[in-house]
Amino acid sequence: MAKPIALAADHGGFELKEAVKAHLDELGLEYIDFGTHSTASVDYPDMALPACDAVVSGQCDKALLFCGTGVGISMAANKVKGIRACCCSDSFSCEYTRRHNDANALCMGGRVVGPGLACQLVDLFLNTPFEGGRHEKRIAKLMAIETR
Ligand SMILES: O=C[C@H](O)[C@H](O)[C@H](O)COP(=O)(O)O
């Protein structure tokens, strides 16, 4: 059985997270929502951390993360060992961050991306495999930075 997807947002990404949740519901995909659960102001690292920990521990497969721009929560996510997060608002970057970078967290901005595009990017992110090959050693070098 497929692992659930980890979802997290701050207040700036809350509404986009809810739109993506509805999309995942339509697709019948399981998820765990690590908050936030309203538009009340919160701090994006507080939501990013438990969602990213769930990916690294193996509880969840990938994370979908949202804040106002997608940038702050991607910065928080990339501080977590084992996370390769990409902030995307275009399909080319979204496809290739899976194919080449084996990204395990997609970050989007609720003040940048509309719900239709966000759901398209989610589909691309979830369904595009890592190519491996020459990218393997680059990922290994990338992850080695965490322990230098
Ligand atoms: O990168 C940070 C995010 O975009 C935040 O969602 C944003 O900074 C929140 O801004 P504010 O507190 O003005 O709603």
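For LEU29, work out the one condition from (1) among the hydrophobic types (A, V, I, L, M, F, W, C); (2) part of a helix (DSSP H, G or I); (3) within 17 Å of CYS119 (Cα to Cα) it doesn't fulfil.
Here LEU29 clears every test but (2).
Of all residues in region 95-141, which are among the β-branched types (Val, Ile, Thr) and more than 13 Å from the chain's Cα centre (by Cα)?
VAL112, VAL113, THR128, ILE139
Among the helices (runs of 4 or more DSSP H) confined wholly to region 35-142, which include 3 or more residues that are within 18 Å of LEU7 (Cβ to Cβ), within 16 Å of the ligand (Cβ to nearest atom) and touching a strand residue (DSSP E or B) at 6+ places or on another chain (Cβ under 8 Å)?
44-57, 71-78
Keeping to region 1-26, report how many residues are among the basic types (Lys, Arg), buried (at least 21 other Cβ atoms within 10 Å of the Cβ) and part of a loop (DSSP other than H, G, I, E, B).
0
Restrict the check to region 26-34 and report whether at least one residue is hydrophobic (A, V, I, L, M, F, W, C), closer than 19 Å to ASN104 by Cβ and in contact with a Gly (Cβ under 9 Å, 6 or more places away or on another chain).
No, region 26-34 has no match at all.
Restricting attention to region 1-34, which residues are within 16 Å of the ligand (Cβ to nearest atom) and more than 20 Å from SER74 (Cβ to Cβ)?
Selection gives nothing.
Tell me, please, whether a residue that is touching a residue at least 24 places away in the same chain (Cβ under 8 Å) and in contact with a Pro (Cβ under 8 Å, 6 or more places away or on another chain) can be found in region 94-111.
Scanning region 94-111 turns up at least one residue that is touching a residue at least 24 places away in the same chain (Cβ under 8 Å) and in contact with a Pro (Cβ under 8 Å, 6 or more places away or on another chain).
The numbers here are math on the coordinates, done by the rules we state, and not lab data. Please read these numbers as outputs of a predicted model, since none were measured by experiment. Every residue, glycine among them, receives a Cβ derived from its backbone with ideal geometry; neighbour counts consider all protein chains shown.
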